[in-house]
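**Q** One structure, pasted below without further comment.
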Amino acid sequence: MKKEQSLAEKQQANLLNKLLKKKAVVDGRIAAATEERGVAILLTGNGKGKSSSAFGTMARALGHGQQAAVVQFIKGRKSTGEQLFFSQHPSVSFHVMGHGFTWETRDPELEQKAADKAWELAKAYLSDPSIDFVLLDEITYMYKYGYLQVEDLINALSQRPLHQNVMLTGRTAPRALLDYVDTHSKIADEKHAFKAGVKAQAGIEW
Ligand code: ATP
Ligand code: MG
């Protein structure tokens, strides 16, 4: 009994030691991270959770009284919950790319016009120091399909106000953008209810 106890004590001491070492590493990193500036965060991948994470982060910024702007580069058939909710918020400017660019219809000329218009809006927010948080949802498709030039985006991001945070989403992104951003998370499609035949639903899918 006594021996067992001392084994448990030894294990606990080992664990504590490991945790303390880990804490020292984390503390060191926290001490080293002294730069104060906004960041560009990119969320890609085939798994669910990119746009919802970006809107969740925006809610976090709004909680701190920050000003936010959203440009959604793909228009769905229905209004999304995020649009219905955040467009009512006094500190959010919310834009969904105009008619012409949807998942359902294809009209290259209208799509180009809609893309250009949405980009003009995005560019304006990226140069506006009163905007703390910019969300460019599904923007990476514009580069994939050649509607916009990624160099223009990188330029605008590079010249934006120092404190401004930006989040960008889309399943894939061009190399230049991957290289530019400060943070990039790729969400893997491990499992999705849709594949098991569960119907898309309000509040979860849109
Ligand atoms: P969400 O807005 O739910 O965070 P997302 O932004 O990661 O999703 P998108 O590629 O923008 O994903 O696709 C949006 C829609 O497609 C949502 O309705 C989402 O539930 C659905 N979806 C996302 N990933 C998958 C997947 N792996 N299989 C099936 N449907 C998916
Ligand atoms: Mg999305």
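The values are calculated or read from the model by the stated rules, or taken from the named source; none is laboratory data. In this text the structure is predicted, and so the values were computed from the model without any measurement. Methodologically, a virtual Cβ is constructed for each residue, glycine included, from the backbone with ideal geometry; neighbour enumeration extends over all protein chains shown. Accessible surface areas use protein heavy atoms only, side chains included; no ligands, DNA or RNA. Shrake-Rupley method; radii C 1.70, N 1.55, O 1.52, S 1.80 Å.
**Q** Tell me the residue from Ala24, Ala114, Ala59 that is over 30 Å from Trp206 (Cα atoms), modelled with pLDDT of 85 or more and open to solvent by less than 70 Å² (accessible area, probe 1.4 Å), please.
**A** Details: Ala114 fails: over 30 Å from Trp206 (Cα atoms); Ala59 fails: over 30 Å from Trp206 (Cα atoms).
Going through Ala24, Ala114, Ala59 in turn, just one is over 30 Å from Trp206 (Cα atoms), modelled with pLDDT of 85 or more and open to solvent by less than 70 Å² (accessible area, probe 1.4 Å): Ala24.
**Q** Only one of (1) in a helix (DSSP H, G or I); (2) within 16 Å of ligand 2 (Cβ to nearest atom); (3) of a type outside the set (Val, Ile, Thr); (4) buried (at least 18 other Cβ atoms within 10 Å of the Cβ) fails for Leu42. Which number is that?
**A** (1)
**Q** Identify all residues within the range 29-38 that are surrounded by 10 or more Cβ atoms within 10 Å (Cβ to Cβ) and either at pLDDT below 90 or touching a strand residue (DSSP E or B) at 6+ places or on another chain (Cβ under 6 Å) (or both); write none if there are none. Break it down stepwise before answering.
**A** At the first step, the residues of the range 29-38 found to be surrounded by 10 or more Cβ atoms within 10 Å (Cβ to Cβ) are 37-38.
Across the range 29-38, the qualifying residue is only Gly38.
**Q** Please verify whether Arg60 is in a loop (DSSP other than H, G, I, E, B) and basic (Lys, Arg), treating the condition exactly as stated.
**A** On the way: in a loop (DSSP other than H, G, I, E, B): no; basic (Lys, Arg): yes.
So Arg60 does not fit the description; no.
**Q** OK, next. Would you pick out the residues in the range 49-67 that are over 13 Å from the mean Cα position of the chain (by Cα) and touching a residue at least 12 places away in the same chain (Cβ under 8 Å)? Before you say what the answer is, go through the steps one by one.
**A** Residues of the range 49-67 that are over 13 Å from the mean Cα position of the chain (by Cα), as a first pass: 62-67.
Listed by number, the residues that qualify are Leu62, Gly65, Gln66, Gln67.
**Q** In the range 74-90, which residues are modelled with pLDDT of 85 or more, outside any helix (DSSP H, G or I) and buried (at least 16 other Cβ atoms within 10 Å of the Cβ)? Can you show your working first?
**A** Keep residues of the range 74-90 that are modelled with pLDDT of 85 or more, which gives 74, 79-90.
Among the residues that remain, those that are also outside any helix (DSSP H, G or I) are: 74, 79-80, 87-90.
Matches in the range 74-90: Ile74, Thr80.
**Q** So which of Asn155, Asn165 ends up being touching a Gly at 6+ places or on another chain (Cβ under 6 Å), open to solvent by 20 Å² or more (accessible area, probe 1.4 Å) and in the same structural domain as Val39 (by TED's automatic domain parsing)?
**A** On the way: Asn155 fails: touching a Gly at 6+ places or on another chain (Cβ under 6 Å).
The conditions single out Asn165.
**Q** Now a separate question. Can you run down the residue pairs with Cβ atoms below 6 Å, 6 or more apart or on separate chains, where the first is in the range 77-96 and over 18 Å from Ala202 (Cα atoms) and the partner is assigned to a helix (DSSP H, G or I)?
**A** These pairs meet every condition: Ser91/Leu62; Val92/Phe86; Phe94/Phe86; His95/Leu121.
**Q** Check Ile131, Ile204, Ile187 and return the single one that is in contact with a strand residue (DSSP E or B) (Cβ under 8 Å, 6 or more places away or on another chain) and within 16 Å of ligand 2 (Cβ to nearest atom).
**A** Numbers: Ile131 fails: within 16 Å of ligand 2 (Cβ to nearest atom); Ile204 fails: in contact with a strand residue (DSSP E or B) (Cβ under 8 Å, 6 or more places away or on another chain).
Testing whether each residue is in contact with a strand residue (DSSP E or B) (Cβ under 8 Å, 6 or more places away or on another chain) and within 16 Å of ligand 2 (Cβ to nearest atom) leaves just Ile187.
**Q** Let me ask you something else. Inspect all residues belonging to the range 144-151 and state whether any of them is within 16 Å of ligand 2 (Cβ to nearest atom) and open to solvent by 30 Å² or more (accessible area, probe 1.4 Å).
**A** The answer is yes; a qualifying residue exists.
**Q** Looking only at strands (runs of 3 or more DSSP E) that lie completely in the range 100-206, which have at least 2 residues being over 17 Å from Phe73 (Cβ atoms)?
**A** Working: elements: 133-137, 165-169, 183-186.
It comes to 183-186.
**Q** Another question, then. Go through (1) in contact with an Asp or Glu (Cβ under 6 Å, 6 or more places away or on another chain); (2) open to solvent by 60 Å² or more (accessible area, probe 1.4 Å); (3) within 16 Å of ligand 2 (Cβ to nearest atom); (4) under 24 Å from Asp132 (Cα atoms) for Gln67 and report which single condition fails.
**A** If we test Gln67 against (1) in contact with an Asp or Glu (Cβ under 6 Å, 6 or more places away or on another chain); (2) open to solvent by 60 Å² or more (accessible area, probe 1.4 Å); (3) within 16 Å of ligand 2 (Cβ to nearest atom); (4) under 24 Å from Asp132 (Cα atoms), just (3) comes out false.
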